[in-house]
Amino acid sequence: MAGRTAVRPAPADNYPMTIREILKMGDPRLLRIAQPVTEFDTDALHLLVSDMFYTMQSVDGAGLAAPQIGVDLQLVIFGTDQVNPRYPDAPLVPRTVLINPVITPLSADEETDWEGCLSVPGLRGKVPRFTHIRYSGFDQYGDPIERTVDGFHARVVQHECDHLIGKLYPMRIRDFSQFGYTEVLFPGLDAADD
Ligand code: NI
């Protein structure tokens, strides 16, 4: 995917951008099993991706799934190519559009670490995730993506793809003593939006 994708202009260069409303936990649209994308490289898909990046960037999100803006499709975006003020210590994750994803855990190893979600504002919880995964899918042009990743990158992908099967991170928490308000858990963190 690297070569061809790299020379394409970012969708945001060609499409008008709208900040979309992010649904909050409790909205039944967050609980649906999302439908696969069947047509790639269409104006509608590029506009959706463009809106999603603009919406995610407007609230310093680490990722965003289409169901979070009420769109019932298997499409997630993540990565910022720069330090995220909501996760200042996290390693950089490349800016990615991932459609119709499949995640394969590469071992049973799990790590538990803090997560937040734009659909669960103001809270953070410790969530177990597979440490090493392979993920595959397609970008908005229909070009295949396949990556083997670990750590924070693997966590972000698992969190975002969970949105496509109606799972929000609180549903994955095993120890509820490790779930609380961001302002209490992480005083001083620049997280005004969540
Ligand atoms: Ni989320």
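Numbers for the structure displayed
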quantity	calculated
Single unsatisfied condition, THR18 versus (1) away from the ligand (no atom under 13 Å from the Cβ); (2) crowded, with 21+ Cβ neighbours inside 10 Å; (3) assigned to a loop (DSSP other than H, G, I, E, B); (4) not hydrophobic (A, V, I, L, M, F, W, C)	(2)
Of all residues in the stretch 99-152 being more than 14 Å from the ligand (Cβ to nearest atom), within 26 Å of VAL71 (Cα to Cα) and charged (D, E, K, R), the one that is surrounded by the fewest Cβ atoms within 10 Å (Cβ to Cβ)	GLU146
Number of the condition not met by ARG124 [criteria: (1) outside any helix (DSSP H, G or I); (2) among the basic types (Lys, Arg); (3) closer than 17 Å to GLY79 by Cα; (4) in contact (Cβ under 8 Å) with a residue 40 or more places away in the chain]	(3)
Pair list, Cβ < 8 Å and 6+ apart or interchain, from the stretch 62-73 residues that are among the acidic types (Asp, Glu) to residues that are within 14 Å of the ligand (Cβ to nearest atom)	ASP72/ARG29; ASP72/ALA34; ASP72/ALA66
Meets criteria (among the β-branched types (Val, Ile, Thr), within 16 Å of the ligand (Cβ to nearest atom), touching a strand residue (DSSP E or B) at 6+ places or on another chain (Cβ under 8 Å) and under 24 Å from ARG129 (Cα atoms)) for VAL76	yes
Looking only at the stretch 57-73, and only at residues there that are buried (at least 21 other Cβ atoms within 10 Å of the Cβ) and at pLDDT below 95, the one that is farthest from PHE152 (Cα to Cα)	GLY61
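The values are calculated or read from the model by the stated rules, or taken from the named source; none is laboratory data. In this text the structure is predicted, and so the values were computed from the model without any measurement. Reconstructed Cβ throughout: ideal geometry from the backbone, glycine too, with neighbour counts over all protein chains shown.
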